[in-house]
Amino acid sequence: MTDLRELYQEVILDHSKKPRNYHRLEAANHEAEGYNPLCGDHIKVYLLVRDGVVEDVAFEGAGCAICTASASMMTQQIKGRSAEEVERLFRNFHALVTEEETLGTSREDLGKLEVFAGVRDYPVRVKCATLPWHTLHAALDNAGEPVTTE
Ligand code: ZN
């Protein structure tokens with residue numbers, strides 16, 4: 001657990017212990033489920049989208065600390081944003097944790113999500129951190145099929 005401890009920065013720990021927006025969203029008009037079989041993470045993301053804007057967002061499920069913290073911080077970052085902005089954040093976040101090229105997008109608006117940059121050194125944990133975002137993406141698309149990281 002020693003190397004993981006470096007990952008568990010204060011912010012991540014706080015969010016994993018006290019996840020924000022952790023509940024079922026009765027008013028949701030978009031939702032999706034996501035699985036990460038590698039770790040056992042399983043979450044559900046609920047969205048209330050009106051006129052292309054995410055008015056409310058919530059999640060529930062059982063995930064490891066990284067997955068739970070990522071989902072918690074994601075919900076805080078996307079509330080009030082347009083679907084386009086959310087998709088851009090998703091790409092930026094993915095680039096942050098995988099260190100792929102950002103394809104002309106900036107990381108400027110990642111804000112607190114920058115704490116997940118350390119995850120890229122732990123390939124197994126990348127899927128834990130990105131699962132909430134993949135699930136969010138599916139919810140926006142209303143894909144219907146559960147998302148899996150495999
Ligand atoms: Zn996990």
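The values are calculated or read from the model by the stated rules, or taken from the named source; none is laboratory data. As the structure is a computational prediction, the values presented were derived from the model and not from experiment. Here the Cβ positions follow ideal geometry from the backbone for every residue, glycine too, while neighbour counts run over all protein chains shown. With ligands, DNA and RNA removed, areas are computed over all heavy atoms of the protein, side chains included. Shrake-Rupley method; radii C 1.70, N 1.55, O 1.52, S 1.80 Å.
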Subject >> Distance in nm between pseudo-label sites at residue 99 and residue 85 (7 Å out along the Cβ direction from Cα) >> reply: 3.1
Subject >> Chain lengthening between residue 62 and residue 109 when straightened (0.36 nm per residue, less Cα-Cα) >> reply: 14.1 nm
Original post:
Percent of accessible area on the chain owned by carbon and sulfur, 1.4 Å probe?
Top reply: 48
Original post:
Quick one: if you stick a label point 7 Å off each Cα along the C-beta vector at residue 24 and residue 148, how many nm between them?
Top reply: 2.5
**OP:** Working with all protein chains in place, sort 98, 68 by solvent-accessible area computed with a 1.4 Å probe, largest first.
**Re:** 98, 68
**OP:** Using the structure shown, select from 44/79; 17/79; 44/112; 18/127 the pairs with a Cα to Cα distance greater than 18 angstrom.
**Re:** 17/79; 44/112; 18/127
Original post:
To the nearest 10 square angstrom, what accessible area does residue 38 show with a 1.4 Å probe?
Top reply: 100
Subject >> Cβ-placed point charges (K, R +1; D, E -1), dipole of the chain about Cα centre in debye, nearest 20 >> reply: 400
Original post:
Where in the chain are the DSSP H helices whose C-alpha atoms run 24 Å or more along the long axis and whose mean Kyte hydropathy is at least -0.5?
Top reply: 123-141
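Can you give the helix-only mean residue ellipticity at 222 nm for the chain, where every DSSP H stretch with n ≥ 4 adds -39500 (n - 2.57) and the sum goes over all residues, rounded to the nearest 500 deg cm²/dmol?
So the calculated ellipticity at 222 nm is -13000 deg cm²/dmol.
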**OP:** Using +1 at the Cβ of each Lys and Arg and -1 at the Cβ of each Asp and Glu in the chain, identify which of 146, 52, 21 lies farthest towards the dipole's positive end.
**Re:** 21
